[in-house]
Structures are given as structure tokens and as C-alpha cells.
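Accompanying notes for the structure given below.
The values are calculated or read from the model by the stated rules, or taken from the named source; none is laboratory data. Bear in mind that the values here come from a model prediction, so they are computed numbers and not experimental data. Cβ placement follows ideal geometry from the backbone for every residue including glycine, while neighbour counts extend to all protein chains displayed.
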């Protein structure tokens, strides 16, 4: 079943890899990401609010699949797909293995030169905007294995970012961690809301309050759509 769903998502994933600036806003009515006016703030109001479920049973590979899969069968794993999307001036080995490039880091605002190598690759990491352990505790336990694999590889939920900033985030939510670069916070929390809506996840009361505080300063920030979510 997993292979069938992944194959069915192939074309959709290719279309889901625009640059950060080209990510498409959600239309006013878009399935599970419906919100009255298409904004992230309106979509936030549709999310259930409740406490975290226990983390019992969480295992990254067992519950969300191996990091990283080639879900669209293009010969490139998801990490390389996201590097190719988010980096500029890239050099590529063969069809898709990104060897080097430049990242304008959305978390810190720093410009980072990425060079693939044992000692350097970790300087640019792929962040799950909604951390997988957070997802597990806010509804992903109820998803099928296929759906969790899609969540873990969904471009909407993935960003190439500064490795140190990603490590400082850990599995924090918007109540405990926000990007140091304040100008990116609206986009960041809009992605959280959009991912959680797309996969039927909930927010905790502190998380909801943290997101609402950010979106209160950018009330027109659009919600975003996922091309992979069931």
C-alpha cells in the first residue's frame, strides 16, 4: 500500500517544489486547508486545540519512514530535492545530488555556503517545520503509515536551514521556539498552521497562542497548500 500511495504522489511532489518565494497561497476553499478568507490566521481558528498526547511509541524511522526517501521516484531523495529548491548557484553530481550551493538562511538571515562532505554537510540541514515528534503528539498517531511518510517528505513541511539554528529548535513548537530572523516568523507559523490543517493535526493551547501572537502582526499572511496531503 505504501508503494502505491508514494507512486500516486510522484507527479504531485514535483509540482510541490517551488522556491520559498514562489510557494502558492491557498485558495479560499482548498479541501482540508479551508479558511474563510484564505489567511493563516483564519485557518488557525479551524484547528482543534488540546494538550499533547504521550510521546510513547514515537520512532522516526518506524513511524515516518527512512530519512530520506525518493517519494517521487525521480532518482533524488527528498533532502536533495529540498536542497535543489532552496539553494542557489548549485552544482550537481549527475541528475540531482547537490554538491554545493548557497543558502540564504530563512531562520537567521545568514548566507551559508554549502559544500557536501562529512565535515561540512551538516552546516545546512533540512528542517521539519512541524517536527515529527510534535506531529506524533498532536495527531499523527492516528494517521496511517502512508500518510506519515508523506508528512515527513512533504515540501510544505521542509526547509533548508542553518544547521546550528535547526539544532537549537529541536522539536520545539511555536510556543517554545521561533526563527531568530523576525521577518520570517509570519511565513514560518503560516507553514505550521497549513501543515497541521493539511494532515488533520491539532495545536496545544500555548502553541496556538504563540502562533496567534505572530499572525496578529501579519493578519493577511496567506495559508499554503500541500500537494501531497491526502
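Kindly establish whether residue 63 is within 26 Å of residue 172 (Cα to Cα) and either surrounded by 14 or more Cβ atoms within 10 Å (Cβ to Cβ) or in contact (Cβ under 8 Å) with a residue 40 or more places away in the chain (or both). Yes, satisfied. Counting only strands (runs of 3 or more DSSP E) wholly contained in segment 88-145, the ones carrying 2 or more residues that are surrounded by 16 or more Cβ atoms within 10 Å (Cβ to Cβ) occupy 97-104, 111-115, 124-128. Would you say residue 166 is within 18 Å of residue 68 (Cβ to Cβ) and in contact with a strand residue (DSSP E or B) (Cβ under 9 Å, 6 or more places away or on another chain)? The answer is yes for residue 166.
Is one or more of the residues making up segment 110-129 free of Cβ contacts under 8 Å to residues at least 40 places away in the same chain and under 30 Å from residue 207 (Cβ atoms)? Yes - at least one qualifying residue is present in segment 110-129.
Confirm whether residue 159 is out of contact with any helix residue (DSSP H, G or I) (no Cβ under 6 Å at 6 or more places or on another chain), surrounded by 22 or more Cβ atoms within 10 Å (Cβ to Cβ) and part of a strand (DSSP E or B). Before you say what the answer is, go through the steps one by one.
Details: out of contact with any helix residue (DSSP H, G or I) (no Cβ under 6 Å at 6 or more places or on another chain): yes; surrounded by 22 or more Cβ atoms within 10 Å (Cβ to Cβ): yes; part of a strand (DSSP E or B): yes.
For residue 159, the condition - out of contact with any helix residue (DSSP H, G or I) (no Cβ under 6 Å at 6 or more places or on another chain), surrounded by 22 or more Cβ atoms within 10 Å (Cβ to Cβ) and part of a strand (DSSP E or B) - is met.
Residue-by-condition table, conditions (1) under 17 Å from the mean Cα position of the chain (by Cα); (2) farther than 23 Å from residue 109 by Cα:
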{"site": "177", "(1), (2)": "yes, no"}
{"site": "182", "(1), (2)": "no, no"}
{"site": "192", "(1), (2)": "yes, no"}
{"site": "196", "(1), (2)": "yes, yes"}
{"site": "202", "(1), (2)": "yes, yes"}
{"site": "211", "(1), (2)": "yes, no"}
{"site": "216", "(1), (2)": "no, no"}
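Exactly one residue out of 83, 103, 87 is under 24 Å from residue 170 (Cβ atoms) and touching a helix residue (DSSP H, G or I) at 6+ places or on another chain (Cβ under 7 Å), and it is 103. Checking each residue in segment 213-230 for being within 23 Å of residue 137 (Cα to Cα), in contact (Cβ under 8 Å) with a residue 12 or more places away in the chain and not in a loop (DSSP other than H, G, I, E, B) picks out 214, 224.
Per-residue answers, yes or no, for (1) assigned to a loop (DSSP other than H, G, I, E, B); (2) within 19 Å of the chain's Cα centre (by Cα); (3) under 21 Å from residue 133 (Cα atoms):
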position: 42; (1), (2), (3): no, no, no
position: 56; (1), (2), (3): yes, no, yes
position: 61; (1), (2), (3): no, yes, yes
position: 69; (1), (2), (3): yes, yes, yes
position: 74; (1), (2), (3): yes, no, no
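Annotation note: of 172, 200, 210, the sole residue that is on the phi > 0 side of the Ramachandran plot, surrounded by fewer than 24 Cβ atoms within 10 Å (Cβ to Cβ) and either at pLDDT 95 or above or assigned to a helix (DSSP H, G or I) (or both) is 200.
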